[in-house]
Each structure stands twice: as C-alpha cells, then as structure tokens.
1. Collect the residues in the range 202-214 that are at pLDDT 95 or above and not in a strand (DSSP E or B), keeping them in residue-number order.
2. Would the range 94-114 turn up any residue that is more than 16 Å from residue 166 (Cα to Cα) and without any contact (Cβ under 8 Å) to a residue 24 or more places away in the chain?
3. Which of the residues belonging to the range 128-139 are modelled with pLDDT of 90 or more and surrounded by fewer than 21 Cβ atoms within 10 Å (Cβ to Cβ)?
4. In the range 11-45, how many are more than 28 Å from residue 192 (Cβ to Cβ) and crowded, with 19+ Cβ neighbours inside 10 Å?
5. State yes or no: is residue 79 more than 30 Å from residue 236 (Cβ to Cβ), away from ligand 2 (no atom under 16 Å from the Cβ) and surrounded by fewer than 20 Cβ atoms within 10 Å (Cβ to Cβ)?
6. Go through the range 220-247 residue by residue and tally those that are at pLDDT below 95, outside any helix (DSSP H, G or I) and within 19 Å of residue 179 (Cα to Cα).
7. Which one is surrounded by the fewest Cβ atoms within 10 Å (Cβ to Cβ), of the residues in the range 167-180 that are part of a strand (DSSP E or B) and away from ligand 2 (no atom under 14 Å from the Cβ)?
Ligand code: ADP
Ligand code: MG
C-alpha cells in the first residue's frame with residue numbers, strides 16, 4: 001500500500017535561513033509517529049511546511065502524500081485532500097462560528113475526495129448529529145457550536161476545538177503540533193481520548209511534542225528526535241521514556257561526537 005506520507009531529504013528555509021537540514025520520514029496508514037525535540041529544533045517548521053505555509057521554502061527534497069508530490073498544492077488544497085494540521089497557536093476567526101467553519105470545511109473536503117454518496121454536501125440534520133456526537137466525545141459544551149472560532153477561548157478550549165475539527169473532518173493524515181502544550185491533566189486526557197478516537201487503520205498521525213507526558217495517553221509506534229533540523233535518533237515508544245528520564249542533551253553530545 002502507498003504510504004500516507006513520505007518525506008525525502010527535506011530541506012527548508014525560513015527568511016533565507018536553513019532550518020530543516022535533511023528530514024526523512026515515512027508514515028504508513030494506521031501509524032502514529034511522535035516527533036520530539038528541544039525548543040527551536042525545527043518541529044513547528046516541519047508542521048508549517050506540511051501545511052504549505054508560503055513562508056517555509058522547500059529548497060531540497062520532496063513530500064509525497066499518498067504517492068503524490070504536494071509541492072504545488074496550496075494550503076486549502078492540502079486540507080481538502082485530507083491533510084489536517086492542528087497548530088501550536090490556533091488562530092481566532094471572529095464572525096465565523098465553530099459550526100459554520102466546520103460544515104464549510106467538511107463540505108469542501110467531501111467535494112474533493114468524496115466517492116459516490118459521500119461527494120454530496122452534508123445535510124444540516126446529519127451535520128448537527130455528527131457535531132453533537134463529536135462534541136460529547138471532547139466534553140465541549142453545546143454552546144461552543146455557535147461561538148466564534150477561538151474567539152475568547154481558553155488555551156484548553158482551543159486545543160479541544162482543534163481536535164473536534166479533526167474528529168469531524170476525519171483526515172487521512174493528521175499533524176498535531178504541541179496539542180498538549182498548556183493543558184492541565186484533565187484537558188490533556190480529554191484531548192488524548194479525542195485523538196485516540198480518531199486514530200485507526202486509515203489515518204497516519206504525526207504527533208509533535210516537547211514533553212513525553214502526552215505519550216502516556218497516545219501511544220506512538222515510532223519516536224523521532226529532532227535536533228537542529230535533523231532527526232538525530234529514531235526508535236520505538238521506549239525512546240520517549242528514555243528522553244523523559246535523560247532529557248535531550250545526551251543526544252546532542254552523541255551527535256557531536258559522531259561528526
Ligand atoms: P520548534 O517548534 O522545535 O520549537 P521551530 O520550528 O519553531 O522550532 O523553530 C526552529 C527555528 O526556526 C528557530 O530558530 C526559529 O527561530 C526559526 N523560525 C521558525 N519559524 C520562523 C519564522 N517564521 N521566522 C523566522 N524564524 C523562524
Ligand atoms: Mg514548535
């Protein structure tokens with residue numbers, strides 16, 4: 001089966017400065033990959049590059065989504081084709097309610113990827129049912145549906161609404177950038193349950209995190225450690241526990257010794 005995502009020798013510049021210096025990564029359907037690493041190592045740069053943010057310039061290498069090179073795809077096209085990005089700092093969209101935003105996004109995705117019956121716009125009652133079900137999953141008060149997106153939301157509410165988007169859109173590739181940051185333990189558990197409910201054999205997940213904590217709730221199949229724009233080390237879930245215990249400095253040292 002064609003992998004969900006293949007990244008080959010990816011080099012990325014921001015404002016003329018090289019941040020990613022040769023990333024290789026393959027994510028197959030059903031796999032959860034965690035990317036960990038110190039602040040400033042390039043984790044969000046990878047997320048922004050996958051999102052198609054024009055500030056992030058690919059200077060070398062390629063990104064294949066389901067075997068297709070996505071270099072020329074604009075951010076909205078990537079989203080419609082099933083790539084979902086949850087950002088470290090979600091933006092507020094005053095004047096657009098959560099429900100309207102989600103219905104518009106869902107319909108755009110269905111038009112793009114839908115086969116047969118699924119290609120139709122979702123009916124209002126059907127959409128309401130879907131929203132209610134997913135909002136319950138994320139323990140969001142029903143009033144959230146009619147509130148303006150992220151406008152005045154607390155940090156934890158923003159993150160839960162991000163995962164609500166993911167649950168409603170049902171993407172094939174989800175990139176979650178520090179979805180755990182700023183969450184207390186209860187919110188972290190709710191958000192993780194939401195992610196676990198969406199996880200499954202048809203989705204690849206890239207979970208970016210500075211801390212090991214969220215990996216107690218969401219079990220990755222693979223862990224990659226980003227240091228200075230490269231994966232210095234990759235391994236299984238045990239690697240996250242090792243990092244929890246020893247921090248990141250020992251990898252930097254080993255990396256320097258190897259040069
Ligand atoms: P992480 O998410 O691992 O903390 P980032 O990808 O945010 O790391 O940042 C990696 C490096 O790229 C940092 O040195 C940061 O200053 C730089 N960088 C990231 N985004 C931008 C930007 N929009 N403009 C300028 N520099 C940036
Ligand atoms: Mg970051």
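The values are calculated or read from the model by the stated rules, or taken from the named source; none is laboratory data. Being a predicted model, the structure only gives us computed values, none of them experimental. Cβ coordinates were reconstructed from backbone atoms using ideal geometry, including for glycine residues, and neighbour counts include every protein chain displayed.
1. If the condition is that a residue be at pLDDT 95 or above and not in a strand (DSSP E or B), then 203 is the only one that fits.
2. yes
3. Going through the range 128-139, the residues modelled with pLDDT of 90 or more turn out to be 128-136.
Result: 128, 129, 130, 132, 133, 136.
4. Within the range 11-45, the first condition is being more than 28 Å from residue 192 (Cβ to Cβ), and the residues that meet it are 11-19, 21-22.
Remaining after also requiring crowded, with 19+ Cβ neighbours inside 10 Å: 12, 19.
Residues meeting the conditions: 2.
5. So residue 79 does not fit the description; no.
6. Count: 1.
7. Our first condition is that a residue be part of a strand (DSSP E or B); within the range 167-180, this holds for 173-177.
Imposing the further condition that a residue be away from ligand 2 (no atom under 14 Å from the Cβ) reduces the set to 173-174.
Numbers: 173: 22, 174: 26.
The residue in question is 173.
Table: residues versus (1) in contact (Cβ under 8 Å) with a residue 60 or more places away in the chain; (2) within 16 Å of ligand 2 (Cβ to nearest atom); (3) closer than 30 Å to residue 248 by Cβ; (4) touching a strand residue (DSSP E or B) at 6+ places or on another chain (Cβ under 7 Å).
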| residue | (1), (2), (3), (4) |
| --- | --- |
| 132 | no, no, no, no |
| 135 | no, no, no, no |
| 144 | no, no, no, no |
| 158 | yes, yes, yes, no |
| 165 | yes, no, no, no |
| 182 | no, yes, yes, no |
| 197 | yes, no, no, no |
| 205 | yes, no, yes, yes |
